[in-house]
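The values are calculated or read from the model by the stated rules, or taken from the named source; none is laboratory data. Because the structure is predicted, anything quoted here is derived from the model rather than measured. Every residue, glycine among them, receives a Cβ derived from its backbone with ideal geometry; neighbour counts consider all protein chains shown.
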Amino acid sequence: MIQSQRFIDAISLFDKSNENDPNKESFEGQDFSKELLYAIRMTQCLDKFSPEAEEALKLAVRCQHIRRWEIPRENYEMNRVGYLKWRNDLKIFHADKASEILKEVGYEQELVESVRFLLLKKQLKQNELTQTLEDVICLVFLEFYFEKFSEKYSEEKMISILQKTWKKMSSKGQKSALDLHLSVHSQDLISKALA
């Protein structure tokens, strides 16, 4: 599919924004700004999972964590209530930042609202595009972040996290998750979570 100039410009501005992330991550011998690498992984995953995805979804996937470091988890109470408040504030923040860029490159309000709708995770399990975004988020987490994440918590906690992740995914997403090349440790945890 040939992309419009404004799509190319939006992706470029999302990436430039995420290049400012002070947190770094090394991958295959190269250093990246953490959120830029995450955004690239999200796009690559969507391209495999749903190659015919529409423009709003491609844009939402690329900016799903835009400038995330500006709202650190430590600024909230370290409990479930604090966690949920942080996650909700992040969704609104990402939607606002993305909207500014989309308007700047000339997108009409209808598409801006479509991307906002997705970033706010509206109608999960009911809206196909929101569900695809959630599937991609879960797949990227499992493939690239789950192993390191699992080092911080007990097996019991990780099984609970996996079960919650699994419930968020569609059957197509779950099938793709089972096809990922994961470590023996991660596969073992998934097996226990699904038992």
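Points worth noting:
- Screening the range 131-195 for helices (runs of 4 or more DSSP H) wholly inside it with 2 or more residues that are touching a Phe, Trp or Tyr at 6+ places or on another chain (Cβ under 8 Å) returns the ranges 155-168, 171-178, 184-194.
- Selected residue [outside the structural domain of Arg41 (by TED's automatic domain parsing), touching a residue at least 60 places away in the same chain (Cβ under 8 Å) and aromatic (Phe, Trp, Tyr)] from Phe144, Phe149: Phe144
- Scanning the range 55-84 for residues that are farther than 30 Å from Arg6 by Cα and either in contact with a strand residue (DSSP E or B) (Cβ under 8 Å, 6 or more places away or on another chain) or part of a helix (DSSP H, G or I) (or both) returns Arg73, Glu74, Asn75, Arg80, Val81, Gly82, Tyr83, Leu84.
- Here is the figure for the range 162-192: residues that are surrounded by fewer than 17 Cβ atoms within 10 Å (Cβ to Cβ) and more than 21 Å from Lys48 (Cβ to Cβ) total 8.
- Test: residue in the range 54-74 that is in contact with a helix residue (DSSP H, G or I) (Cβ under 6 Å, 6 or more places away or on another chain), among the small types (Gly, Ala, Ser) and modelled with pLDDT of 95 or more: yes
- Of everything in the range 88-108 that is among the small types (Gly, Ala, Ser) and surrounded by 14 or more Cβ atoms within 10 Å (Cβ to Cβ), the residue that is nearest to Ile71 (Cα to Cα) is Ala95.
- Near pairs, Cβ below 6 angstrom, 6+ apart or cross-chain, from the range 71-83 (assigned by TED's automatic domain parsing to the domain that holds Asn20) to any residue that is assigned to a loop (DSSP other than H, G, I, E, B): Gly82/Tyr76
- Evaluation of Val112 against the conditions (1) in a helix (DSSP H, G or I); (2) not assigned by TED's automatic domain parsing to the domain that holds Arg62 shows that the sole unmet condition is (2).
- Qualifying residue in the range 19-40 (condition: farther than 28 Å from Ser176 by Cα and surrounded by 18 or more Cβ atoms within 10 Å (Cβ to Cβ)): yes
- Taken over the range 44-58, the residue count meeting the criterion of being within 12 Å of the chain's Cα centre (by Cα) and surrounded by 20 or more Cβ atoms within 10 Å (Cβ to Cβ) is 4.
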